[in-house]
1. Condition test on B:Ala137, is it closer than 23 Å to B:Gly268 by Cα, within 14 Å of chain A (Cβ to nearest Cβ) and of a type in the set (A, V, I, L, M, F, W, C)?
2. Can you name the condition, by its number, that A:Gly379 falls short on among (1) at pLDDT 85 or above; (2) crowded, with 24+ Cβ neighbours inside 10 Å; (3) closer than 27 Å to A:Phe243 by Cα?
3. Which of the residues spanning segment B:171-204 are among the polar types (S, T, N, Q) and assigned to a helix (DSSP H, G or I)?
4. From the list B:Lys175, B:Lys146, pick out the single residue that is of a type outside the set (Ser, Thr, Tyr) and under 19 Å from B:Ala133 (Cα atoms).
5. Testing B:Tyr39 on (1) within 14 Å of chain A (Cβ to nearest Cβ); (2) assigned to a helix (DSSP H, G or I), one condition comes back false. Which one is that?
6. Looking at B:Val131 and the list (1) touching a residue at least 40 places away in the same chain (Cβ under 8 Å); (2) of a type outside the set (Gly, Ala, Ser); (3) within 14 Å of chain A (Cβ to nearest Cβ), which single condition is not satisfied?
7. Does B:Ala56 meet the test of being assigned to a helix (DSSP H, G or I), modelled with pLDDT of 80 or more and within 14 Å of chain A (Cβ to nearest Cβ)?
8. Keeping to segment A:193-222, report how many residues are at pLDDT below 80 and in a loop (DSSP other than H, G, I, E, B).
Amino acid sequence: MSTTTPAAPPVVKPPAPKTSFASRFGWPLGFLILAIVVFSFNQWILPETNGDFRTGYNNWLPMTAVNEAVIWAIFALGLNIVVGYSGLLDLGYVAFWGIGGYVAGWLMAPFANQVTPAWANLSVNIFGHPLPGQDRGIHINFWLVLIIAALVCALAGVIIGAPTLRLKSDYLALVTLGFGEILPEVFRNGEHVGPDGKWNITNGTKGITGIDQIPTGPFQLIPGVPATIGTFDLTFKFIVFAFLLAVAMFVSLRIREGRLGRAWLAIREDELAASMMGVPLMRIKLSAYAVGAAFGGIGGVCYATHVGGVLADRFNFSVSITLLAMVVLGGMGNVWGVTVGALVLAWINSTGLAQLGNVWNDATGSNVNFASHNFLIFGAVLVLFMLFRREGLIPETRTKQVLQEPERGEIESLGAEMEGTAENTAAEGTKK
Amino acid sequence: MTQTAIAASEVKPRRLPRETAVSALGLLLVAAVVVWVLYEAIKSPQEFASLIVAGAGNGALYALIALGYTMVYGIIELINFSHGDLFMLATVLSGIICVSLFNVDSFGFGAVGAVALALLISMAAAALVNVAAERVAYRRLRRAPKLAPLITAVGLSFMYQWFGQRQFMTGSAPKQWSTMFGDDGFNIGDVRVPYTTVTVIAITIPLLLLMVYIVQRTRAGKAMRAVAQDQDAARLMGIDVDRTITFVFALGGGLAGAAGLLYLQSVGTSNYNLGFRLGLIAFTAAVLGGIGNLQGAVLGGFLLGILSSLNDGMLLGQQWSMTVVFTVLILLMVFKPEGILGSPTTEKV
């Protein structure tokens, strides 16, 4: 009897999961540990150290600069959704920063009294925590304002995007740039608008001051945590901003894996193919704009509480460009790369360049004012990165393929134009 | 390109009701602007005429810068953001030549010679810088995704601004220069026409005609049009693509140089961040006229100059001028993205 039992099928070892623990949780854990270290160092250790060390440390890494860098990172992540994920160039992202800031200015400050004479006695307080003696006007809880600002900015993003997203990418860049120029001008001149110039919607170049404090809610039960985070509780502000940054990262990472995120990546890589696969281009692009803008709104409110006011002069083109540089240099599409790029560039802008310049001057005995050369440094870095490392410092694997690999000429010679010329040829065809 | 499959469908698609509505709305907007302009013209003709003259002077400058933009865009579809800053460098250079070297401060035989020399030098220098930028940066990025050359252009624009910021250039604060004509001018009726306006227009129009001649009548122009249509096919036909693109950059730079000198002579101030604002306005002008179309750029420049001058004088005032310019741009994008003179099938450059 040759009843040899059929050979047992070879045991196929299931392929090892591609993502190891380190690669999945390395970055998030790193971020968490860094945030805890920064907080505890500044909260408990630094006040105990001797004066010299403290001065030196505060020259290099003051807490305000750290907080500001964290806020920049929130903005950069928002821009990353538009530019990095969806491949839509936005040169006017500063508009959302401004809108978020002014939402805070309206809803979290005494300013609402000045908008129109009829509102002079307005006093609304919805869980708000106004600064002492400034409890008139509208005061809404910081956490609620975050949501409101995100919604307002998302709406603004849709309004800006809707008329222009049908256009080719260059035109889109230009129109966003236009909005980024119009809105600051509205902020600057918004002191006398409307019929007879009676409405004061932005307080002009004087800006809005007296932004509310951040309430800590249930966390105030923990000993040592203040009930409201005032202007000088920088370390607690850091915790709030870092938490929001973490939320922004989490949202970015999760959306990317989902249906919407994959649709964004698809239109970034080939719009025509994506639409053939049934991706509704307009809706997906608009949602990219809306989500990116919502991050901008959150960041704008954070920035308003960070500086305790809203100043119209802050919102100019160079902000948009700096954000773009953060996204591009950090690594378009890679959340961690963009975050690192934003933190580093923001620090260089605020204190790093001047401090490094001082070290250089002390070491060589020269007298170079490095801060006055920031245009050259920024410009040269942008150009060099575009020439030699287009995918950024910490590239995303997919972006790297897209940016580094395709020789457009090769594909074109096979009969396909990559960028948006399909409409033109179609139009030509119908004209004949 | 896969022409055949698409060209076979010769049936004209039915216009969607939405498209009709959009174009009707656009026409309505244009009509409203025209009515407003006519109303202002009848109400105060003298003020209106002087605003038109001032606007035409500005418009000619916008047109010159827009020409450079539109030529470069026409051939390699690159928004050359650094063009405005190149223009800024040219204003400073021409100021240094005219004022620091030759002390031009009034009209005279020597002054005209000095200004003409400055015109030539600043045109040559700007052309050289533009060609160098193309050589070093843009050429390597020609096959890269579109974002790359655009960001490179922004980076170059920063570097130019840094150079303009140096103390021997214009410094970080606005700088005043003496000019050949100053505020001199002549009167037509009650309307004062500055000599500078006449000069600017008298130089812009011939330059436009020269450009049109080069693009449409010369061999180099034919090569440009071919490269604009299809670089690979042009290369197969024996056209030196690199040299053609370099030539276009040289022409664009030269136009920016000319615009720089004329701006300095008519306004008399220079500032390191001047190029950003004027570059944006000029690009809007180029889009308004139909990007890639030379006559369109000039038309767009004049229209935009006159419109913003009317706004400064009669509508919202100068503090809103960028808003007006960009509102025009955005409305244009919505209603007629191909511009006034451009049509979807227009030949580029």
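1. Working: closer than 23 Å to B:Gly268 by Cα: no; within 14 Å of chain A (Cβ to nearest Cβ): yes; of a type in the set (A, V, I, L, M, F, W, C): yes.
Spelling it out, it is not the case that B:Ala137 is closer than 23 Å to B:Gly268 by Cα, within 14 Å of chain A (Cβ to nearest Cβ) and of a type in the set (A, V, I, L, M, F, W, C).
2. (3)
3. B:Thr196, B:Thr197, B:Thr199, B:Thr204
4. Numbers: B:Lys175 fails: under 19 Å from B:Ala133 (Cα atoms).
Residue meeting the stated conditions: B:Lys146.
5. B:Tyr39 satisfies all of (1) within 14 Å of chain A (Cβ to nearest Cβ); (2) assigned to a helix (DSSP H, G or I) except (1).
6. (3)
7. Numbers: assigned to a helix (DSSP H, G or I): yes; modelled with pLDDT of 80 or more: yes; within 14 Å of chain A (Cβ to nearest Cβ): no.
Considered against the rule, which asks whether it is assigned to a helix (DSSP H, G or I), modelled with pLDDT of 80 or more and within 14 Å of chain A (Cβ to nearest Cβ), B:Ala56 comes out as no.
8. Qualifying residue count for the region: 2.
The values are calculated or read from the model by the stated rules, or taken from the named source; none is laboratory data. Values in this document were obtained by computation on a predicted structure and should not be read as measured data. For neighbour counting, all protein chains shown are included, and Cβ atoms are generated from backbone atoms with ideal geometry for every residue, glycine included.
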